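J.: Just dropping this structure here.
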Amino acid sequence: MVSTDGPANICLVGLMGSGKSTVAPLLADRLGREHIDLDKEIALRLGRTIMIIFADQGEESFRREEQVVLQYFCNRDGLVIDCGGGVVLAAGNRSRLKDNFTVYLQTTPQTLALRVGSAAGRPLLQGAEPIEDQLAALLSEREALYRECAAETITTDDRTPAVIADEIIAHLPASLKPVVP
Ligand code: S3P
């Protein structure tokens with residue numbers, strides 16, 4: 001599947017509401033690749049929702065699992081990996097993301113807040129009032145980390161998932177370009 005040496009997987013990073021989980025399956029479909037949602041994989045492994053993992057085991061335990069799962073999938077190739085917004089917090093994850101083709105979906109806190117709505121299922125936004133301020137705080141902590149890992153940064157505010165997927169495809173390195181028969 002991979003035509004030349006180079007990054008083996010496409011990873012999407014960005015804050016909650018940046019569009020990773022809508023763009024990733026679309027991108028995977030267009031490229032004929034498998035889509036992996038890291039949060040879903042963590043929930044499957046632990047047999048609990050992300051909300052319950054945070055509440056019962058704490059964020060640290062979630063972050064440990066996130067590292068294990070990212071490492072596992074980065075050892076494969078040909079995947080489109082949709083990462084949770086905090087994946088960039090661990091240095092080890094950042095180095096794995098840099099070894100793959102990582103795209104940062106950059107989005108303003110205003111748009112993020114509109115997209116996450118009531119923030120159901122998002123432990124880091126519970127009790128935040130207004131949610132936009134909490135998203136702005138997370139963004140200022142993480143923006144440099146997203147940029148550090150990303151080979152490409154794409155602004156998503158006024159773009160549809162289809163347009164974002166097209167833009168990612170246009171920027172793919174040779175090792176990830178679809179093979180034209
Ligand atoms: C988190 C983002 C979530 C999920 C968890 C923590 C974060 O994923 O991993 O709630 O730290 O930003 P999404 O970005 O897919 O919502």
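J.: Which value in nm describes the separation of the simple spin-label points at GLU59 and LYS40, placed 7 Å from the Cα toward the beta carbon?
T.: Modelled inter-label distance: 2.6 nm.
J.: Right, something else. What distance in nm separates the two pseudo spin-label positions at ASN75 and ASP99, each 7 Å out from Cα along the beta-carbon direction?
T.: Spacing of the two 7 Å Cα→Cβ label points: 1.1 nm.
J.: Taking the highest mean first, how do the peptides 6-16, 45-55 order by number of other beta carbon atoms within 10 angstrom per residue?
T.: Working: 6-16: 24.4, 45-55: 14.6.
Most protected by this proxy first, the peptides run 6-16, 45-55.
J.: Right, next: Report the gain in length on full extension from ILE169 to GLN126: 0.36 nm times residue separation, minus Cα-Cα distance, nm rounded to one decimal. Let's see the in-between values first.
T.: Working: separation 43, 0.36 × 43 = 15.48 nm, distance 3.49 nm.
Gain on stretching ILE169 to GLN126: 12.0 nm.
J.: Continuing with this model, one more query. For the pair GLN110 and VAL68, what calculated FRET efficiency results from E = 1/(1 + (r/R0)^6), where r is the Cβ-Cβ distance and R0 = 30 Å, to the nearest 0.05? If you can, show how the numbers build up before the last one.
T.: Details: r = 34 Å, r/R0 = 1.15.
FRET efficiency, VAL68 to GLN110: 0.30.
J.: Could you report segment 23-181's accessible area per residue, 1.4 Å probe, as an integer in Å²? Display every interim value, and only then the final one.
T.: Working: 7780 Å² over 159 residues.
Per-residue accessible area for segment 23-181 comes out at 49 Å².
J.: Find how much the distance from ARG48 to GLU141 grows on full extension, using 0.36 nm per residue of separation minus their present alpha carbon separation; answer in nm with one decimal.
T.: Working: separation 93, 0.36 × 93 = 33.48 nm, distance 2.77 nm.
This chain segment gains 30.7 nm when fully extended.
J.: Hey, what does the equivalent ellipsoid look like for the chain, semi-axes from the Cα gyration tensor as sqrt of 5 times each eigenvalue, largest first, whole Å? Let's see the in-between values first.
T.: Working: eigenvalues 134, 73, 40 Å².
Semi-axis lengths for the chain are 26, 19, 14 Å.
J.: Using 0.36 nm times the number of residues separating LYS177 and ASP133, minus their current alpha carbon distance, what extension gain do you get? Could you put the intermediate results ahead of the total?
T.: Working: separation 44, 0.36 × 44 = 15.84 nm, distance 3.84 nm.
Gain on extension, LYS177 to ASP133, equals 12.0 nm.
The values are calculated or read from the model by the stated rules, or taken from the named source; none is laboratory data. Since the structure is predicted, the reported quantities are computational estimates derived from the model, not experimental observations. Cβ: placed from backbone, ideal geometry, glycine included. Neighbour counts: every protein chain shown. Each accessible area value is taken on the protein alone, full model and side chains, heavy atoms only, with ligands, DNA and RNA left out. Shrake-Rupley method; radii C 1.70, N 1.55, O 1.52, S 1.80 Å.
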